[in-house]
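Here's a structure for you.
The values are calculated or read from the model by the stated rules, or taken from the named source; none is laboratory data. Every value quoted in this text rests on a predicted model; they were computed, and no experiment measured them. Note: ideal-geometry Cβ built from the backbone for every residue, glycine included; neighbour counts use all protein chains shown. Areas reflect the complete protein model, heavy atoms only, side chains present, ligands, DNA and RNA absent. Shrake-Rupley method; radii C 1.70, N 1.55, O 1.52, S 1.80 Å.
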Amino acid sequence: MTEVTPPLASVDAVMGFLAANAVRYGLSFVQAVLILLIGFWIATRLARFVQRALSRSPHFDATLKPLIQSVVLWSVRIVTLVAVLAQFGVQTASIIAVLGAAGLAIGLALQGTLQNIAAGTMLLVLRPFRNGDYITAGASVAGTVDEISLFTTTLTNADGIYVCVPNNQIWGQPITNFSRNATRRMEVTVGIALDDDLDAAITALRARVAEDARVLDKPAPEVMVKQVGDSAVIVNVRVWSLLGNYWGLYWDLQRGVKETVEAVGCSLPFPTRTVMHVSAQPMPDAAPSRH
């Protein structure tokens with residue numbers, strides 16, 4: 001059997017086709033790499049620029065700054081990736097269809113994560129708290145808010161411990177914000193003995209809170225009898241203060257009410273109990289037994 005040699009023209013055509021496509025796809029690959037590098041570089045620089053611009057604005061809400069920075073960063077990156085795929089002939093409609101199918105599959109697989117995103121969006125839009133606020137959410141979440149992201153909220157509790165909570169666990173609970181309002185009310189109670197001068201104690205307590213500059217005039221401070229107990233009259237001291245003065249004033253009043261009532265001759269009672277001793281009656285002799 002004789003060997004058949006392919007025509008020289010066919011070999012040249014194949015080599016020419018391969019060379020032309022290699023050059024074309026090689027240039028497309030190089031362009032895609034350049035677009036990718038330049039696009040990611042622009043995304044990073046633009047995100048940093050946005051961060052610096054927002055940081056210089058004292059009136060802009062600090063809670064939204066990380067979110068806007070992330071949106072700018074990933075928006076530019078997604079546009080860059082679409083441009084890279086377009087270099088290889090991938091149609092935009094096909095990209096959108098693939099992203100839609102992938103989004104549906106990811107959404108079904110990550111339902112809990114999407115709930116956190118939805119909860120994070122509601123927290124960022126409605127803003128029941130901001131960075132720096134001390135909050136409680138339910139019975140297990142308490143601390144000062146450090147950052148609110150789409151997935152989690154980070155806090156620092158009273159012991160200085162870092163806490164990261166999924167947004168869904170915060171949004172689904174009653175939220176108490178101790179830092180939202182500018183003023184706050186406090187109540188301090190003190191007991192006075194039943195036979196002491198109640199009017200003198202109340203007058204002294206009113207003078208004590210009136211001379212403290214941290215106590216607000218409006219709403220006016222109140223000193224009233226809260227309860228008459230078995231061994232004491234419970235007097236309630238109720239005042240309002242600015243949020244920044246709250247704890248300092250609270251600790252000072254806890255000690256000050258004791259010193260004030262003692263200065264006017266009133267004593268702080270302690271629970272007493274009267275014990276009565278009843279002598280037992282002698283038991284009658286038993287009746288004689290019959291034989």
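Look through Val84, Val90, Val23, Val30 and report the one residue that is part of a helix (DSSP H, G or I), at pLDDT below 70 and over 36 Å from the mean Cα position of the chain (by Cα). Talk me through it step by step, then tell me what you get.
On the way: Val84 fails: at pLDDT below 70; Val90 fails: part of a helix (DSSP H, G or I); Val30 fails: at pLDDT below 70.
The unique qualifying residue is Val23.
Is there any pair linking a residue in the stretch 32-47 that is under 15 Å from Ile78 (Cβ atoms) and open to solvent by less than 70 Å² (accessible area, probe 1.4 Å) to one that is not small (Gly, Ala, Ser) and not in a helix (DSSP H, G or I), with Cβ under 8 Å and at least six apart or on different chains, and which?
Taking only residues 6 or more apart or on different chains, the pairs are Ile35/Gln87.
Taking the stretch 143-162 as the search range and keeping residues that are assigned to a strand (DSSP E or B) and β-branched (Val, Ile, Thr), which one is surrounded by the most Cβ atoms within 10 Å (Cβ to Cβ)? Break it down into steps so the answer makes sense when it comes.
Here is the first cut: in the stretch 143-162, the residues assigned to a strand (DSSP E or B) are 143-148, 152-156, 162.
Keeping just the survivors that are β-branched (Val, Ile, Thr) gives 144-145, 148, 152-154, 156.
Values: Thr144: 19, Val145: 21, Ile148: 24, Thr152: 19, Thr153: 26, Thr154: 16, Thr156: 14.
Of everything passing the filter in the stretch 143-162, Thr153 is surrounded by the most Cβ atoms within 10 Å (Cβ to Cβ).
Tell me yes or no: at least one residue of the stretch 221-238 is open to solvent by less than 20 Å² (accessible area, probe 1.4 Å), hydrophobic (A, V, I, L, M, F, W, C), touching a residue at least 24 places away in the same chain (Cβ under 8 Å) and assigned to a loop (DSSP other than H, G, I, E, B).
From the stretch 221-238, those open to solvent by less than 20 Å² (accessible area, probe 1.4 Å) are 223, 232-233, 235-237; that's our starting set.
With the extra rule that they be hydrophobic (A, V, I, L, M, F, W, C), the set shrinks to 223, 232-233, 235, 237.
In the following step, the residues that additionally are touching a residue at least 24 places away in the same chain (Cβ under 8 Å) were identified as 232-233, 235, 237.
Still in the list and also assigned to a loop (DSSP other than H, G, I, E, B): none.
The answer is no; no qualifying residue exists.
Check Trp171 against each of (1) open to solvent by 70 Å² or more (accessible area, probe 1.4 Å); (2) more than 22 Å from Gly120 (Cβ to Cβ) and name the one condition it does not meet.
(2) is the only condition that Trp171 fails.
Within the stretch 119-139, can you find the residues that are in contact (Cβ under 8 Å) with a residue 24 or more places away in the chain and farther than 15 Å from Arg180 by Cα?
Kept after step one, since they are in contact (Cβ under 8 Å) with a residue 24 or more places away in the chain, are these residues of the stretch 119-139: 119-124, 127-138.
Within the stretch 119-139, Ala119, Gly120, Thr121, Met122, Leu124, Gly138 qualify.
Considering only residues that are under 22 Å from Glu262 (Cα atoms), part of a strand (DSSP E or B), open to solvent by 40 Å² or more (accessible area, probe 1.4 Å) and not acidic (Asp, Glu), which ones fall in the stretch 178-196?
Thr189
Quick grid of which residues meet (1) aliphatic (A, V, I, L, M); (2) in contact with a helix residue (DSSP H, G or I) (Cβ under 8 Å, 6 or more places away or on another chain); (3) more than 22 Å from Ser179 (Cβ to Cβ):
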site	(1), (2), (3)
Ile202	yes, no, yes
Arg206	no, no, yes
Ala210	yes, no, yes
Val223	yes, yes, yes
Gln227	no, no, yes
Val233	yes, yes, yes
Trp240	no, no, no
Tyr246	no, no, no
Asp252	no, no, no
